[in-house]
Each structure stands twice: as C-alpha cells, then as structure tokens.
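Data block below; observations after.
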Amino acid sequence: MNGMIGGASLLAVATAALPTLLTWANLRAFGRAARRRPRDGRVSVLVPARNESEAIGRLMDDVLASKDVDLELLILDDDSTDGTADLVERRAAVDPRVRLVRGGPLPEGWCGKQHACWQLSRAATAETWVFLDVDVSPTPDAIARSLVFLEDSGAALVSGFPRQLTGSFLEWLLLPLIHFILLGFLPLARSRSDTNPGMAAGCGQWFVTRRADYERAGGHAAIRASLHDGVKLPRAYRRAGLATDIFDASDIASCRMYTRSIDVWRGLSKNATEGIGAPTTIVPFTLLLGCGQILPLVLVTLGIVTAFRGWPWWAVGAAFLALVLSYLPRLLEATRFGQSLSSAVAHPLAMVVFLAIQWQALIRRLLGLKTAWRGRTLAPQ
C-alpha cells in the first residue's frame, strides 16, 4: 500500500509539473497587442448573427466607437427569427459604415457559423478582416490594436482571447479553463516557429487575417463542417504553410459566451470531439488531467484523513508538492486575467466536470446522436 501511495505521489508531481512549467513560460510569451496606430487602418469587421437581437445593438455601438481605423461593419443575418436583421437595417440607415448581409440557405455539409463567415468574406471590401462574435465587447482601441498585432507578428492569422465574463455556476467553474488548457499544454514559443497543424490554437470569438492569406488557406470553406473554428481555422492556415499566432486580448475585450449553466454544458459538448474529446486525444488528456489536477487533492485528503499513517516522508512531501503545482497555474491566471480566485480554488472539481463533458460528447458521437444548437440540429462530428 505504501508503495502505491509513493508511486501515485510521484506520478501526480510529474503530471502536475508539465502544465505548471508551460504556463510559467507561456504567460511571458502570451503578449498583448501594442498601443499604436496600425500602418493600414482600413478593415472589414465581419460578424455572423443568428437570433442576436438582445446583443446586436451593443455590439454595433462597441465596434462603431472604434478609434484609429477606417472600418466597415458587415453583419450577416443567418435566418434570424427575432428581429436581428431589422435592428441592423435601422442602424445601417443612419450610419453608412454598417451593412446588413442577408444569409443564404445553409448548404448540406456546412456548419451555420462557417457558412456565415464564408459569406461575409465574399462581401468584405477591405483587404484586412476581423471576424468577431456578437458576444464580444471590444474597447475603442481593440480593433486597431488587433491589426497592430497582425502586423507585428508576421503571421497570416492571429486570434485574440478576450476576458471571459461569468455568472452562472458552470460559467464560473469551467470557463477559466480556457486559459488553463491553452497555456498549460501548448508550447507557445515552439508553435510560433513551427507551422505544424498540431501546434495550432485560436479563439473563434476573434480572428484577424488578410484576404489573400484567407483565400490561400481556403478560409471557412476548408472547415465547412467543423463546429470548432477556434482550432480548425488555424489548422487550415498551417496546412497551407501559413503561420498563425495568438494574443492576450483580456485588456481590450470581454465576452459573455453563455448565461446559463445548461448552455455552458451544451456549448462545450458541441465541439468537444474536435479537440480534447476526440477519440485519439481523450485518453491521454484524461490521464494527464486526472493524475495532475485531481489526484493531488485526493492524495492529500486521504493523507489527512489517515494522518499520513505509514506514509514515507518523501511521499507526504510529493503529495503536497503535487497539490501546489496543480493549483499554481490557476492562481497565476486568475491574477493575470482577472478571473475568480474562488473558481481557482475549485479547480479539481472543474477538472472532473470538464472531463465528464468530454466523455459524454464522445459517447454521443459514437452513438450517432445529434445535438441542437441555436435552433439547428448538428450532425455528430
């Protein structure tokens, strides 16, 4: 028994150390966009919208308040039934920078968002584009600074990660894991020097690119069936030999992705099998996250309950070291990105729920079950 405890403690240290060390290095590499005017401020801001009447007015206000850019705001109405198109048309009537694009019927084999973004790309008149989700709230300098990052990075596609706002329980518990997974398991410095598609990362809420690079990569048509453009679009660019990059947009934008816990579960399940929940990745990630992020608390709790009776001294130290290592990335990220400290304390529970979502999504995929999202039935990926 003591040998098992010792082995488990060492395993926990090893698997907790990996994301801790990567997070420490990545926090320095995961920079923010510089504060200056872009060399070319002409930009098309492209926004897909489906039943977004509650948020579209705020989005238009935010984008149209942008400084240091010459923009057009194109909003594609994707068969909305709630008056979204009417709100955009009314704004377009008084502000020539706004244009409503009427979405066409969804073709077979296309995901709704990818088809909407593809149509927006056909309607854009500028050579530089910002794809933006409706639930993102950019500051007045956000668009300009994202163009600066595109210029400075030398990449063909860059993606910003806004600050995630949370309200419901699962938002509070799970959404901070976006940064934990990103910074804990992607060697950012290597990804910038290696165009291997396996090193791709992005946030589907905010992409910046140029027309020529988008067309060379095949754009959203190359990922037409995908539900996870945050991963799949950067991979399409990399398959075309183009570099991609990411930046910290938490100082220039915020985002409220969901407002209810059930929507968090459904939203994360929707694209899980195109990422960690894929058949080829779910087992290794379950082992890494389970051993490095859940096991340390289990070991320390077990040790306290048994008063560490019979434990080798080094196993006691290893269990506590693993616990510290498992919490350190979340505490660093909470400080850097303005996340909830109480959510960081609940990190092991977040890992349990997160892995449950990944496995549930994979099982549904294997059973051929479909998911409904925004009034559409999605085929299993």
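A compact table of results
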| read-out | value |
| --- | --- |
| Ala278, sole failed condition from (1) small (Gly, Ala, Ser); (2) crowded, with 21+ Cβ neighbours inside 10 Å; (3) not in a helix (DSSP H, G or I) | (2) |
| The one condition in (1) in the same structural domain as Leu177 (by TED's automatic domain parsing); (2) assigned to a loop (DSSP other than H, G, I, E, B) that Phe247 fails to fulfil | (2) |
| Sole exception among (1) under 24 Å from Ala344 (Cβ atoms); (2) touching a residue at least 40 places away in the same chain (Cβ under 8 Å); (3) not small (Gly, Ala, Ser) for Ile178, by number | (2) |
| Any hit, region 46-57, residues being closer than 30 Å to Leu183 by Cα, more than 21 Å from the chain's Cα centre (by Cα) and not assigned by TED's automatic domain parsing to the domain that holds Leu332 | no |
| Residue in region 302-309 that is assigned to a helix (DSSP H, G or I), within 24 Å of Ser326 (Cβ to Cβ) and among the aromatic types (Phe, Trp, Tyr) present | no |
| Every residue from region 45-88 that is modelled with pLDDT under 95 and among the β-branched types (Val, Ile, Thr) | Thr81 |
| Failed condition for Arg58, given (1) out of contact with any Leu (no Cβ under 9 Å at 6 or more places or on another chain); (2) surrounded by 18 or more Cβ atoms within 10 Å (Cβ to Cβ) | (2) |
| Sole residue being in a strand (DSSP E or B), aliphatic (A, V, I, L, M) and within 23 Å of Arg36 (Cα to Cα), chosen from Val158, Val148 | Val158 |
| Candidate set: region 211-226, residues that are of a type in the set (D, E, K, R) and more than 21 Å from the chain's Cα centre (by Cα); chosen: the one surrounded by the most Cβ atoms within 10 Å (Cβ to Cβ) | Asp213 |
| Any hit, region 223-235, residues being free of Cβ contacts under 8 Å to residues at least 60 places away in the same chain, over 28 Å from Ala334 (Cα atoms) and assigned to a helix (DSSP H, G or I) | yes |
| Only one of Glu127, Glu108 that is at pLDDT below 95 and of a type in the set (Asp, Glu) | Glu108 |
| Residue pairs meeting the criteria (Cβ under 8 Å; at least 6 apart or on separate chains; first farther than 12 Å from Thr273 by Cβ, in region 358-381; second among the polar types (S, T, N, Q) and modelled with pLDDT of 65 or more) | Arg374/Asn51; Gly375/Asn51; Gly375/Thr81; Thr377/Thr371 |
| Helices (runs of 4 or more DSSP H) contained in region 53-140 and holding at least 1 residues in contact with a Lys or Arg (Cβ under 9 Å, 6 or more places away or on another chain) and over 19 Å from Ala222 (Cα atoms) | 56-64, 84-94 |
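The values are calculated or read from the model by the stated rules, or taken from the named source; none is laboratory data. Owing to the predicted nature of the structure, the values given are computational and were not obtained by experimental measurement. A quick note on method: Cβ atoms are made from the backbone with ideal geometry, for glycine too, and the neighbour counts reach across all protein chains shown.
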